[in-house]
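S.K.: Dropping a structure here in C-alpha cells format, bear with me for questions.
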Protein chains: 4
Amino acid sequence: MYLVNISSELIYTVESPSSFVFNIAAANTVHQKTLQENLIISPSIDSEWFQLNDFGCRGLRLQTDPCELSIRYNASVELSPEIERVFYLNEVEHKRLPAAVLPFLSPSRYCESDRLGRFAWKEFGQLASGYSRVQEICNWVNTHIDYVAGSTDSSTSACDVLIQRAGVCRDFAHVSIALCRALGIPARYVSGYAVGLKPPDFHGFFEVYLEDRWYLFDATRMAPISGLVRAGIGLDAADASFANIVGQVTMLSINVQADAADPSFLYSDGVPVSTA
Amino acid sequence: MYLVNISSELIYTVESPSSFVFNIAAANTVHQKTLQENLIISPSIDSEWFQLNDFGCRGLRLQTDPCELSIRYNASVELSPEIERVFYLNEVEHKRLPAAVLPFLSPSRYCESDRLGRFAWKEFGQLASGYSRVQEICNWVNTHIDYVAGSTDSSTSACDVLIQRAGVCRDFAHVSIALCRALGIPARYVSGYAVGLKPPDFHGFFEVYLEDRWYLFDATRMAPISGLVRAGIGLDAADASFANIVGQVTMLSINVQADAADPSFLYSDGVPVSTA
Amino acid sequence: MYLVNISSELIYTVESPSSFVFNIAAANTVHQKTLQENLIISPSIDSEWFQLNDFGCRGLRLQTDPCELSIRYNASVELSPEIERVFYLNEVEHKRLPAAVLPFLSPSRYCESDRLGRFAWKEFGQLASGYSRVQEICNWVNTHIDYVAGSTDSSTSACDVLIQRAGVCRDFAHVSIALCRALGIPARYVSGYAVGLKPPDFHGFFEVYLEDRWYLFDATRMAPISGLVRAGIGLDAADASFANIVGQVTMLSINVQADAADPSFLYSDGVPVSTA
Amino acid sequence: MYLVNISSELIYTVESPSSFVFNIAAANTVHQKTLQENLIISPSIDSEWFQLNDFGCRGLRLQTDPCELSIRYNASVELSPEIERVFYLNEVEHKRLPAAVLPFLSPSRYCESDRLGRFAWKEFGQLASGYSRVQEICNWVNTHIDYVAGSTDSSTSACDVLIQRAGVCRDFAHVSIALCRALGIPARYVSGYAVGLKPPDFHGFFEVYLEDRWYLFDATRMAPISGLVRAGIGLDAADASFANIVGQVTMLSINVQADAADPSFLYSDGVPVSTA
C-alpha cells in the first residue's frame, strides 16, 4: 500500500456555449482508493460528478458560455496491489467468465479482434496459456510497433497500427487488447495517470481478466505498472477518453503530473502487479 | 397494447466441448413485457439466465459436450407503445442527456461515427432537428443502400457499406446509427424479432434517444415498426448478436417466427411508435 | 491557340546522397507544345531527361551528394485545344476502345473503382451517357466533397475521401476517376500547372476518354480548364507525382506559377475544352 | 532449355452482347518463346490479338452476342532460364534503375507499399541486400500467411491479407510485391501457368528486378519456379487478370493445364531461376 499524488490542469478557450464530460478523476476500486481530492474550476461554474460505469469510474459534467475555462484536479490515491505469483495466473475458460466480463471479449471501434483471429493464433496460439502469454503479447507489441508521437490520430485503429507499425500509448493498448480478445482473453482499455511517464501526460494502458480479476499491463513499458492510476475504464479509447466536448472549444494547455509519495515502493519496470 | 408471439429454433452440431451465450429472449422494458415464455433445450442441459445489461436484456448461458443441440424458445410479448405526436419530438442537447445515454454517442466497432462528421453534417445538417431528421436519415439509407442478401459479412462496418452501397438489416442499422451519432444524436443497435419480415429471420434495427426516451427506427422498412420485439440492445451488432459461441460448432438450421395475435393492431409500414 | 508561361522552383536540403526523378516539364501532345524551356539546377549537376511514358511526358533524373539543391524550370507552352460541341461527345463502347486506353479502366492505388460499382451506378447510372455524365460526376464531387487543405495525406484514397468528404485537388481527381472507371469510362490522372490557381501550386486534375480522344476535367473548379498545362499523366497520383526522391531530403520551398500570355484566351470556368 | 505444354479452356454463358479481353497466351520474352500455339473459339467469332504492353504480353479481344462461348488455347513454350549464382545478385541503387523499371516502385491497387515502409524496414531492413533478402520475404510470407481457398475476393489488398493472414496465390504475390517496393526493390505481378500446381489453375506469382533483369519468385511454393510460364505482367492483379469482361456473362467451367515435356528438367521447389 502506498500513495501516489496526481494532478491535471486543462485550460480551454471556449468560443460557444459548450458541454463537457471529463474523465480525469481517479477511479475507486478494490485496489485503488481516492483519499482526498480537489477540483478547482475557473470561472466558477456548476459542475456535477456522476458514476460513469460499474467499474468505479467517475465523470464530471459541466456547461459553460464562452470563456477561458480551466480545470484543476488533484488527488492523493492509495494503491494496494496484491502481488501474485503471476506464473500461476491462468486464463479463464469462456464458460467460467462472469457475465460482467463477457462484453470485453467483443470487438470495438479501435480493437477489431474479429479480423485478427488467425493473426493472434498464428503468433501466440502455441504459447502457454495465462499471464505469460499476455506478457508475450506485450513483448511482441513493444518490439514490432515503434512509439512515434504524432503518428496516429483519433480514427486510427489496431489494424491500422499493425500495418503502419507506429503509434502512441493508446495504440499500443488497442493492439494488445485486440490480440487478447482474438485469443478469447477478456481485455479492456484504461486511461489514467502514470508515475514517471516522460513527457508527463495522460496515459493509456490496459487490463486483462485472469484467474478471477483484472490485471494491469502496459505494452509501452514507459512507466512502472505499479505507478499506474486508473481514471477511465472501457472498451477502448472511444469509451474512456479524458474529455468529451460539444461546442467550439480550443485546448490552450494541458499539464499532467503523477508522483509516488515514496518512490521506493515502485517496482521496477515490467514487474506485474495485480489490481482490482 | 397488443400481443406478439415469437419463437426461435436453433439447431447446431457441436463437435467439441462448447460454451454458448444466447441473446434471443424478449427484453423487458417499460413498453415491452414478456407474459409467458418457454425454453426447451435438447439434450437436457443445465442453462442459466442472466441480466445482460441495464436495458432489460437477458442472456442464456450453457455449455455442452459434443451433441446435436437444439434450442427452442417461444414467448408471448405484450407491446404497449405510446403513440406520440412525433413531429414535436426534439433532439436533446448534450448537456441535458442522461449519463446512461452518453455511451451511445461514441463510435463503435461497426459504426465509425468519428469518421463521418462531415458526411453527416453535409447531408443532414441543414434539416430541422428532431424526429423528422432521423426519418430523413432512414430515407437516405433506404434509398442509397441496396438490400442484398450475402453482400456483407461479420467484419463489414458502416463505412464499408457506404462505399459498397449494399448490405442487410444489420448494415442498414449500422449506417443509420453511425450517421445519428456523427450528428450528436444518441443511437443504439437492437436485435430481435419482426412481425411480417420476409423471409422470417432475426432482425436488426435501431433506437434513437429523443426528448426523454428511446424510439425505434428501421431503415430497411421490411416490417412495421410496431411489430418489432427487442431481444438484444447494445452499441452495435458486436454488442447484441443472437449467439456467441466458443467451440467447434456448426449451425444446422434456424427458424424464427413473429406473429401479431391481432394483426389489425399493427400500424402501417413506417408509422413511428414510441417505445421504452 | 495561345501561350501559357509556366515556372516552378523547388529547393531542397539534401542530407545524404540522393536520387531524384522529377515530373515537372510540360508534356508534348497533339494539343500542347513546349515552345521553349529552361532548366537551371544549382549546384551544377548532371541530369538526364527521359521519356516517362507513351503520352508525351518527360522525366528528369539526377543524383546529388549533400547540398542545398534548387531546380528552376520554366517554359512557354502553346495550347491548341479543339473546341467541341461537347454534348455530342459519346462514351465509347468497351469493344471499340483502343488497346492503349484499356489500362485506364482498371482500379489503381488511389482509385478503387472495383469497390464503387454499385455506388457509381446508383448515382450516375440513369444519366445520359457521354460528356454530360462526366460533368455530372464533377458536379457531384464538387458539391459533396469539401476542399480542405491538409485534410488528406499520401495514403488517402478515393474511398477514404468519399467517407470523410474532404480533400485537396488530387483527391477530387481520384474520386472522379474512380467513379468514371466504375461506370466503364476510361479516366486517368494528370498533374501539372493551372493558370489562375490560388494559392499557386502544382495542380491535380484528370482526363476522360470520349469519342476518340482524351478530354480534360477538373472537379475542383479552381481554375479554367483551358489554362491547364499537363506535366504528368498516369493511373493516379502514385503514377504521376511531381517528384520521387530516394534519400534524406527536406523540401525548403516550392514556388509554382502559370500565366496566360493573353488572358482573354482563357475560357470561363467550367467550359469544356477538348485536348490530346 | 526445355519445353512446357500449356492449355486453358474457358467456357461461359453469355447472356447479353459482351466484350472480352483475355490475357491467357504465353508471353514472349528473352527467356520464354512460344513455339507453336492453337486457339479455338466456339462459336466461330472474329477475334484479335494485340500487344498488351512492352513486356511481351499479348491480349486477345473478341465480342459476341448471347451464346455459350468456349475458348480453347494451347501452346508449346520453350523456357531457357539462365541459372545464376544467385547469392551474388544485388539490389540496384535507385539512380541506376532503368527508366522502364521505375513504375514498379510505386504503390498500386493491391500493393499499398506506401503504407508499409516501417513494416518492411523493421522486418527486413537489417538483412543483407540482394536475392537472399527477397527469398527471406518469400519465407516470411509463406510462414505468416495461410493458403486458404476462398478467403479473399477481388477487392482484397496486401494490407488486408497482412491482417487476416490468409489468402490465395494472388494475395501471396501482392504481399510480397508490396514489401519489396516498400524497401525500394522493383517488383511486378505475373499471372500464368505453373507445372505441377495442384489443383491445376491459373497461377499468380511475381518478379523482382535485381542486378540487370527480372527474376521470378513465388511465395506460395506450390510449384517449381522453373515450371512457371508467364502470360500477364503488370503492377498487380488489376493489371494482369486472365479475363476482363463487360457484359452479362457467367463462367461455366475453367480447365488449365501445364506439363513439362521432360519433367527431369524441372528444378526442385525453391531453386531460383533467372528469367527475362
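The values are calculated or read from the model by the stated rules, or taken from the named source; none is laboratory data. Note that this is a predicted model, so its numbers are computed, not measured. Backbone-built Cβ (ideal geometry, glycine too); neighbour counts: all protein chains shown. Side chains are part of the model used for accessible areas, which takes the heavy atoms of the whole protein and leaves out ligands, DNA and RNA. Shrake-Rupley method; radii C 1.70, N 1.55, O 1.52, S 1.80 Å.
S.K.: Out of segment B:180-203, which residues are within 25 Å of residue A:113 (Cβ to Cβ) and either within 14 Å of chain C (Cβ to nearest Cβ) or acidic (Asp, Glu) (or both)?
M.R.: B:182, the sole residue that qualifies.
S.K.: Among the residues of segment B:131-155, which ones are open to solvent by 60 Å² or more (accessible area, probe 1.4 Å), in a helix (DSSP H, G or I) and more than 14 Å from every other protein chain (Cβ to nearest Cβ)?
M.R.: So in segment B:131-155, the residues open to solvent by 60 Å² or more (accessible area, probe 1.4 Å) come out as B:136, B:143, B:147, B:149-150, B:153-154.
Next, only the ones that are in a helix (DSSP H, G or I) stay: B:136, B:143.
The one that is open to solvent by 60 Å² or more (accessible area, probe 1.4 Å), in a helix (DSSP H, G or I) and more than 14 Å from every other protein chain (Cβ to nearest Cβ): B:136.
S.K.: Go through (1) at pLDDT 95 or above; (2) open to solvent by less than 40 Å² (accessible area, probe 1.4 Å) for residue C:276 and report which single condition fails.
M.R.: Among (1) at pLDDT 95 or above; (2) open to solvent by less than 40 Å² (accessible area, probe 1.4 Å), residue C:276 violates only (1).
S.K.: Anything in segment D:121-130 that is under 14 Å from residue D:208 (Cβ atoms) and in a helix (DSSP H, G or I)? List them, or say none.
M.R.: D:124
S.K.: Can you name the residue in segment D:204-238 that is open to solvent by 10 Å² or more (accessible area, probe 1.4 Å) and charged (D, E, K, R) and is also farthest from the other protein chains (Cβ to nearest Cβ) among such residues?
M.R.: The selected residue is D:218.
S.K.: Also, I was wondering about something else. Is segment A:237-250 home to any residue that is aromatic (Phe, Trp, Tyr), in contact (Cβ under 8 Å) with a residue 60 or more places away in the chain and part of a strand (DSSP E or B)? Full working, then the answer.
M.R.: Going residue by residue through segment A:237-250, those that are aromatic (Phe, Trp, Tyr) are A:242.
In the following step, the residues that additionally are in contact (Cβ under 8 Å) with a residue 60 or more places away in the chain were identified as A:242.
Add one more test, that the residue is part of a strand (DSSP E or B), and what stays is none.
Checked segment A:237-250: no residue is aromatic (Phe, Trp, Tyr), in contact (Cβ under 8 Å) with a residue 60 or more places away in the chain and part of a strand (DSSP E or B).
S.K.: If you don't mind, another one. Name every residue in segment A:139-168 that is under 20 Å from residue A:89 (Cα atoms) and in contact with a helix residue (DSSP H, G or I) (Cβ under 6 Å, 6 or more places away or on another chain), in order of residue number.
M.R.: Residues satisfying the conditions do not exist here.
S.K.: When you go through (1) within 15 Å of residue B:119 (Cβ to Cβ); (2) among the hydroxyl-bearing types (Ser, Thr, Tyr); (3) open to solvent by 10 Å² or more (accessible area, probe 1.4 Å) one by one for residue B:176, which number turns out not to apply?
M.R.: Condition not satisfied by residue B:176: (3).
S.K.: Okay, moving on. Looking at (1) in contact with a helix residue (DSSP H, G or I) (Cβ under 8 Å, 6 or more places away or on another chain); (2) outside any loop (DSSP other than H, G, I, E, B); (3) open to solvent by less than 10 Å² (accessible area, probe 1.4 Å), which is the one condition that is false for residue C:192?
M.R.: (1)
S.K.: Quick one: count up the residues across segment B:82-107 that are open to solvent by less than 20 Å² (accessible area, probe 1.4 Å) and modelled with pLDDT under 95.
M.R.: Here the count works out to 2.
S.K.: Still on this structure, I have one more. Collect the residues in segment B:29-48 that are surrounded by 12 or more Cβ atoms within 10 Å (Cβ to Cβ) and within 14 Å of chain A (Cβ to nearest Cβ), keeping them in residue-number order.
M.R.: Step one: filter segment B:29-48 for residues surrounded by 12 or more Cβ atoms within 10 Å (Cβ to Cβ), giving B:29-34, B:37, B:39, B:41-42, B:45, B:47.
Residues satisfying the conditions are B:45, B:47.
S.K.: Right, next: Go through the residues of segment C:108-130 one by one and say whether even a single one is within 22 Å of the chain's Cα centre (by Cα) and surrounded by fewer than 17 Cβ atoms within 10 Å (Cβ to Cβ).
M.R.: No, segment C:108-130 contains no residue that is within 22 Å of the chain's Cα centre (by Cα) and surrounded by fewer than 17 Cβ atoms within 10 Å (Cβ to Cβ).
S.K.: Sticking with this structure for a sec: Is it true that some residue in segment A:86-108 is under 30 Å from residue A:15 (Cβ atoms) and within 11 Å of chain B (Cβ to nearest Cβ)? First the steps, then the outcome.
M.R.: If we filter segment A:86-108 for residues that are under 30 Å from residue A:15 (Cβ atoms), which is where we start, we get none.
No, every residue in segment A:86-108 fails to be under 30 Å from residue A:15 (Cβ atoms) and within 11 Å of chain B (Cβ to nearest Cβ).
S.K.: Listed residues D:70, D:47, D:108; which is closer than 30 Å to residue C:95 by Cβ and without any contact (Cβ under 8 Å) to a residue 60 or more places away in the chain?
M.R.: When all the criteria are applied, what remains is D:47.
S.K.: Of the conditions (1) closer than 30 Å to residue D:50 by Cβ; (2) open to solvent by 50 Å² or more (accessible area, probe 1.4 Å), residue C:63 satisfies every one except a single condition; which number is it?
M.R.: So residue C:63 meets the others, but not (1).
S.K.: Please enumerate the residues belonging to segment A:222-257 that are of a type in the set (A, V, I, L, M) and in contact with a Lys or Arg (Cβ under 9 Å, 6 or more places away or on another chain). Reasoning before the result, please.
M.R.: Filtering segment A:222-257 for residues of a type in the set (A, V, I, L, M) gives A:222-223, A:225, A:228-229, A:231, A:233, A:235, A:237-238, A:240, A:243, A:245-246, A:249, A:251-252, A:254, A:256.
Of everything in segment A:222-257, those that are of a type in the set (A, V, I, L, M) and in contact with a Lys or Arg (Cβ under 9 Å, 6 or more places away or on another chain) turn out to be A:222, A:223, A:231, A:233, A:235, A:237, A:238, A:240, A:246.
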